[in-house]
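Below: one structure, written as structure tokens.
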Amino acid sequence: MSSRIRHIASNTFREAVRDRVLYNLIAFAVLMCGASILVGQISIGIERLVVINLGLTAISLFGMVIAIFIGIGLVSKEIEKRTLYTVLSRPVQRWEFIVGKFFGLAGTLVVNTFFMAIGVFLALLYVSQRFQAADGWVLVALYFIVLQFLIITSLALFFSSFSSPLLSAVFAFSLFVIGSFAEDLRGFAAMAQGATRWLATGAAYLVPNFASLNVISSVAHGQGIAGMLILSETAYAMVYAAMALCGAVLIFERRNLK
Amino acid sequence: MAAIEILGLTKTYQVGFWRKRPKCALKPLNLSVEEGEIFGFLGPNGAGKTTTLKLLMGLVYPSAGSARILGTEINDPRMKSQIGFLPEQPYFYDYLTAAELLEYYAQLSGVVAKDRKRQVNEVLARVGLPDVSGMQLRKFSKGMLQRVGIAQAILHNPRLLFFDEPMSGLDPIGRREVRDLMEELKHAGKTVFFSTHILSDAEALCDRVAIIHQGELRGVGAVADLTSSVEGKVEVVWHGNSVPANVKALSPTCSVTGDTVRAVVPEASQDALIDALRRERLRIVSVTPIRTSLEEYFVQKLKPSGAAAGVRA
């Protein structure tokens, strides 16, 4: 990574920290503590399942909200406030700025997820009194959640490179919702006929497949994740995020910063 | 070598939502700035000064034409380590302290790690902000932000500086300090290209100026050359308490104060006015040439083409 990308990324991370984005960890900690105590009192035998489901879903939702609401402003806010002028008048290329911003937000989300994951494991330890071998799969589910963050961050950046923050948020959130039902969309495409089939198939493969990256339920039930699936989902997320980033760069490279 | 060479640089925006129509922000601009000079880019608000600077910085792309900075095309990022840019009304990452911001910019400009802290401290002292280096920028006043803006532009010791309205938001002392800084930069061999609509600053500082209006270059040259091209005026004062009709025909705006009358006329009318006063047997007290200011040249150049036709080129 070029040093300029690294510096832009670290400044983006610093901005998130100073803007108190990581304060969401406090809300998450309160949620996990409350849930653990409550689950310990009202459920018998399924405490782990509830804690893993609740904890990982909360991590995913908190992260998605952060990714979308910070991601949509990464470029547009810099243009609007004209902070970009003093960056791009230096030996910084536009693609370096976009990539640096991406890594900065991705880094923020990884750190955020790391601390939340500690919370989930502490809650698990509280309800089970000990760790189990199957708890290791929680790490895989967390990894898949991070892959989802990479995709949504790249998409938020993509929309941010040409539209207003509000529209970018609408687009990114819509894609998140549709992508969470990507498997259903593919099923519908398989059953449809004629032009509808083409359109539905195109849409099904164009939207990010968040459904296949969601293994929370399997992990909560103690089921393992195949190594091949981990590899293929990693490749899918990387390629998807890279393509969205390339799109953002292509648009941003041509944009007049009025 | 010319520090800046602009060849037919043009910018046209498409405006309107449904029916796009072209709006010319900059008509083909040809300009050359030599190394080591302080060059003033003058014009009223909306004249095209900031558009020109944005084109040179690569923030907007030209519709036609080209430009070279320090011998390198403007789209070559390597050139940018040699330049510093202060945007108009600069805004910075307000969650950073002044020192953190400058350190970040030093990193992006490729200043080596061991020199960064020293250069940041030096430049903060140079713009008069040594005591607030640890304060977040969100607590800075407009004038302090302008000083930070100047600091970030000169931080990496560039050869060529672009300042967009550098005096904006500064108090008289701050303006004086910026003027002194620009003089220092010139003595250090730097080239300074700055836009302004404050003509007294340009007159005091610039080796040469260019005047732009409605996206069109209206004049360029040394201040003395430009002002000498404007038709001179003379002030004639004589004894009396009224203005005779034949004198009034030559000078419609005479002012009577006590027993003296004062008239300002173009140099070409000077002899005719003196002859008229002699015919009326009025005693002439003084005939004084009036120095033409840059402001007068500027006002002449901003007039529509027909109105400016009377001005000698």
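The values are calculated or read from the model by the stated rules, or taken from the named source; none is laboratory data. Remember, it's a predicted structure, so these values are computed and weren't measured experimentally. Positions of Cβ are generated from backbone atoms using ideal geometry, with glycine treated the same way; all protein chains shown enter the neighbour counts. Side chains included, ligands, DNA and RNA excluded: accessible areas come from the protein's heavy atoms. Shrake-Rupley method; radii C 1.70, N 1.55, O 1.52, S 1.80 Å.
With the structure loaded, tell me whether residue B:80 is within 11 Å of chain A (Cβ to nearest Cβ) and in a strand (DSSP E or B) or whether it fails that test. Let's see the steps before the verdict.
On the way: within 11 Å of chain A (Cβ to nearest Cβ): yes; in a strand (DSSP E or B): no.
The answer is no for residue B:80.
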Check: Within segment A:7-45, restricting attention to residues that are within 14 Å of chain B (Cβ to nearest Cβ) and in a loop (DSSP other than H, G, I, E, B), which residue is modelled with the lowest pLDDT?
Finding: A:20
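Within segment B:83-93, restricting attention to residues that are open to solvent by less than 40 Å² (accessible area, probe 1.4 Å) and assigned to a loop (DSSP other than H, G, I, E, B), which residue is farthest from residue B:56 (Cα to Cα)? Can you show your working first?
Residues of segment B:83-93 that are open to solvent by less than 40 Å² (accessible area, probe 1.4 Å), as a first pass: B:83-87, B:90, B:92-93.
Still in the list and also assigned to a loop (DSSP other than H, G, I, E, B): B:87, B:90, B:92-93.
Working: B:87: 12, B:90: 17, B:92: 21, B:93: 23 Å.
For segment B:83-93, the residue satisfying everything is B:93.
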Next item on the list: Identify all residues within segment A:37-67 that are touching an Asp or Glu at 6+ places or on another chain (Cβ under 8 Å) and either under 17 Å from residue A:115 (Cβ atoms) or buried (at least 22 other Cβ atoms within 10 Å of the Cβ) (or both); write none if there are none.
Entry: none
Check: Listed residues B:170, B:129; which is within 26 Å of residue A:15 (Cα to Cα), more than 14 Å from chain A (Cβ to nearest Cβ) and out of contact with any strand residue (DSSP E or B) (no Cβ under 7 Å at 6 or more places or on another chain)?
Finding: B:129
Next item on the list: Just give me the residues in segment A:189-220 being at pLDDT below 90 and not in a helix (DSSP H, G or I), in sequence order.
Entry: A:192, A:193
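Each row is one residue, and each column tells you yes or no for (1) open to solvent by less than 20 Å² (accessible area, probe 1.4 Å); (2) in contact (Cβ under 8 Å) with a residue 60 or more places away in the chain; (3) part of a helix (DSSP H, G or I); (4) polar (S, T, N, Q).
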| residue | (1), (2), (3), (4) |
| --- | --- |
| A:92 | yes, yes, no, no |
| A:101 | yes, yes, yes, no |
| A:104 | yes, yes, yes, no |
| A:110 | no, no, yes, no |
| A:115 | no, yes, yes, no |
| A:118 | no, no, yes, no |
| A:125 | no, no, yes, no |
| A:130 | no, no, no, no |
Notebook entry, point to check: Can you tell me which residues in segment B:42-76 are among the small types (Gly, Ala, Ser), over 26 Å from residue B:226 (Cα atoms) and open to solvent by 30 Å² or more (accessible area, probe 1.4 Å)?
Noted result: B:63, B:64, B:65, B:66
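Given the criteria more than 19 Å from residue B:184 (Cβ to Cβ), within 11 Å of chain A (Cβ to nearest Cβ) and either at pLDDT below 90 or open to solvent by less than 60 Å² (accessible area, probe 1.4 Å) (or both), does residue B:136 qualify?
Details: more than 19 Å from residue B:184 (Cβ to Cβ): yes; within 11 Å of chain A (Cβ to nearest Cβ): yes; either at pLDDT below 90 or open to solvent by less than 60 Å² (accessible area, probe 1.4 Å) (or both): yes.
The answer is yes for residue B:136.
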Notebook entry, point to check: Looking at residue A:70, is it crowded, with 20+ Cβ neighbours inside 10 Å and either within 14 Å of another protein chain (Cβ to nearest Cβ) or more than 21 Å from the chain's Cα centre (by Cα) (or both)?
Noted result: yes
Notebook entry, point to check: Quick check: is even one residue across segment B:194-211 assigned to a helix (DSSP H, G or I), without any contact (Cβ under 8 Å) to a residue 60 or more places away in the chain, open to solvent by less than 50 Å² (accessible area, probe 1.4 Å) and among the β-branched types (Val, Ile, Thr)?
Noted result: no
Checklist line | Hits in segment A:197-207 (condition: open to solvent by less than 70 Å² (accessible area, probe 1.4 Å) and either in contact with a strand residue (DSSP E or B) (Cβ under 9 Å, 6 or more places away or on another chain) or not hydrophobic (A, V, I, L, M, F, W, C) (or both)) | finding: A:201, A:202
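For segment B:97-114, does any single residue satisfy the condition of being away from chain A (no Cβ under 14 Å) and surrounded by fewer than 21 Cβ atoms within 10 Å (Cβ to Cβ)?
Going residue by residue through segment B:97-114, those that are away from chain A (no Cβ under 14 Å) are B:114.
Still in the list and also surrounded by fewer than 21 Cβ atoms within 10 Å (Cβ to Cβ): B:114.
For segment B:97-114, residues away from chain A (no Cβ under 14 Å) and surrounded by fewer than 21 Cβ atoms within 10 Å (Cβ to Cβ): present.
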Note to self: Would you confirm, using the coordinates I've provided, whether residue B:220 is touching a strand residue (DSSP E or B) at 6+ places or on another chain (Cβ under 9 Å), more than 30 Å from residue B:13 (Cβ to Cβ), outside any helix (DSSP H, G or I) and open to solvent by less than 70 Å² (accessible area, probe 1.4 Å)?
What the structure shows: no
Check: Does residue A:230 satisfy the criteria of being surrounded by fewer than 16 Cβ atoms within 10 Å (Cβ to Cβ) and either of a type outside the set (Lys, Arg) or assigned to a loop (DSSP other than H, G, I, E, B) (or both)?
Finding: yes
Check: Which residue pairs have Cβ atoms closer than 7 Å, lie 6 or more positions apart in sequence or on different chains, and pair a first residue in segment B:148-175 that is at positive phi with a second residue that is outside any helix (DSSP H, G or I) and buried (at least 21 other Cβ atoms within 10 Å of the Cβ)?
Finding: B:165/B:195; B:165/B:196
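Does residue A:86 meet the test of being assigned to a helix (DSSP H, G or I), in contact with a strand residue (DSSP E or B) (Cβ under 9 Å, 6 or more places away or on another chain), open to solvent by less than 40 Å² (accessible area, probe 1.4 Å) and of a type in the set (Ser, Thr, Tyr)? It would help to see each step written out before you state the result.
Working: assigned to a helix (DSSP H, G or I): yes; in contact with a strand residue (DSSP E or B) (Cβ under 9 Å, 6 or more places away or on another chain): yes; open to solvent by less than 40 Å² (accessible area, probe 1.4 Å): yes; of a type in the set (Ser, Thr, Tyr): yes.
Here the answer is yes, as residue A:86 does meet what is asked.
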Note to self: For segment B:192-223, give me each residue that is closer than 20 Å to residue B:7 by Cβ and among the small types (Gly, Ala, Ser).
What the structure shows: B:195, B:210, B:215, B:219, B:221
Margin query: Here is a list: B:86, B:101. Which entry is in contact (Cβ under 8 Å) with a residue 12 or more places away in the chain and under 24 Å from the mean Cα position of the chain (by Cα)?
Written below: B:86
Check: Quick one: residue B:30 ticks every box in (1) free of Cβ contacts under 8 Å to residues at least 60 places away in the same chain; (2) more than 9 Å from every other protein chain (Cβ to nearest Cβ); (3) open to solvent by 20 Å² or more (accessible area, probe 1.4 Å) bar one, so which box is it?
Finding: (1)
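Sort through A:176, A:210 and tell me the only one that's open to solvent by 10 Å² or more (accessible area, probe 1.4 Å) and among the aromatic types (Phe, Trp, Tyr).
Going through A:176, A:210 in turn, just one is open to solvent by 10 Å² or more (accessible area, probe 1.4 Å) and among the aromatic types (Phe, Trp, Tyr): A:176.
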Next item on the list: Within segment B:172-181, work out how many residues are out of contact with any helix residue (DSSP H, G or I) (no Cβ under 6 Å at 6 or more places or on another chain) and open to solvent by less than 50 Å² (accessible area, probe 1.4 Å).
Entry: 2
Notebook entry, point to check: Can you name the residue in segment A:240-258 that is crowded, with 17+ Cβ neighbours inside 10 Å and within 13 Å of another protein chain (Cβ to nearest Cβ) and is also modelled with the lowest pLDDT among such residues?
Noted result: A:257
